1. For region 26-32, just list the computed ³J(HN,Hα) in residue order, Karplus coefficients 6.51, -1.76 and 1.60, θ = phi - 60°, integers in Hz, with x standing in for Gly and Pro.
2. Distance check, please: which entries in Lys167/Lys212; Lys43/Lys200; Lys43/Lys110 exceed 26 angstrom between their Cα atoms?
3. In whole Hz and in residue order, list the ³J(HN,Hα) couplings for region 188-193 that follow from phi through the Karplus curve 6.51 cos²θ - 1.76 cosθ + 1.60, θ = phi - 60°; x for Gly and Pro.
4. Quick one: 3J(HN,Hα) in Hz for region 112-119, Karplus 6.51/-1.76/1.60 with θ = phi - 60°, rounded, Gly and Pro as x.
5. Rounded to the nearest 10 Å², what accessible area does Glu142 show when all protein chains are kept and the probe is 1.4 Å?
6. With all protein chains present, calculate the accessible area of Tyr201 using a 1.4 Å probe and round the result to the nearest 10 Å².
7. Just the accessible area per residue of the chain, please: how many Å² with a 1.4 Å probe?
8. Can you give the local net charge around Ser9? Use residues other than it whose beta-carbon is closer than 9 angstrom to its beta-carbon, Lys and Arg +1, Asp and Glu -1.
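The values are calculated or read from the model by the stated rules, or taken from the named source; none is laboratory data. A quick note: this is a predicted structure, and the numbers were derived from the prediction, not measured. A quick note on method: Cβ atoms are made from the backbone with ideal geometry, for glycine too, and the neighbour counts reach across all protein chains shown. Only protein heavy atoms, including side chains, enter the accessible area calculation; ligands, DNA and RNA are left aside. Shrake-Rupley method; radii C 1.70, N 1.55, O 1.52, S 1.80 Å.
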Amino acid sequence: IYLEACLPSVVGQSYKNIEVIVVDNASTDGSVEYVEQNFHTVKVVRNSDNVGFAEGNNVGIRASSGEYVVVLNNDTEVDENWISSFVKVAEEHPDAGMLACKILSYYDRKQIDCVGHLIYPDGLSRGRGRGEMDEGQYDEVEEVAFPSGCAALYRREMLDQIGLFDKDFFIYVEDSDLGIRGRLAGWECLCVPDAVVYHKYSATMGGYSSKKAIMIERNRIWFVVKNFPSTMVVSSFYYAFIRYLFQT
């Protein structure tokens, strides 16, 4: 149960004015029982079916009431000042509708998982700094395209304006879609390096598989068609072709 590392770090935050909601997508690993037995202040929302990452997050967001919404994967552990660092920057930057954080590898805590996402011409997002060693090169609050859905803060005012995650993506690329919709609506996204998360990359969904690759590519195309201007839709297929060549 990944929650055994994740949830204690969340409820132990130095910032106390939070509500913690666990959304269960019809799991069978005892996660719900673990939460109910050990964390009586945590609200559990059970879905009767696996509604996917996107709609699962939406269920939690609808059940929440705060000015800020923070989403977090279960295969993570967070620094005790994670939320306080987020809130400090959110209060200082009212035009920021989204905040990314410094996500490091759970297993090698000097290796960067990502510090915000960047968008490429083929429509895929890539983690900024992924695979680099953390030597302070990303230790300034600065603009990025949008946050990783693994761990992010969203301002509720922005979500009320643009809507929640698009459930049609089910899983993968839904954070890119939400992020780009926020940017197109005029909201900024900043990366907060003092908000630190340790991530077991792809632990929940597993590593490479043909099914995962197909899902990502399907959602990338939908993301491009949905959000890019027509000229960029056409050019995205050229850049995707170049990427395929280098991947083979």
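1. Karplus-based 3J(HN,Hα) across region 26-32 equals 6, 6, 10, 9, x, 4, 4 Hz.
2. Details: Lys167/Lys212 17 Å; Lys43/Lys200 24 Å; Lys43/Lys110 33 Å.
Beyond 26 Å: Lys43/Lys110.
3. Values, residue by residue: 8, 10, 10, 9, 10, x Hz.
4. Result, rounded to whole Hz: 7, 7, 5, 10, x, 10, 10, 10.
5. 60 Å²
6. 130 Å²
7. Numbers: 12300 Å² over 248 residues.
Ligands and nucleic acids excluded, the result is 50 Å² per residue.
8. Details: positive: none; negative: Glu77, Asp79, Glu80.
Net charge around Ser9: -3.
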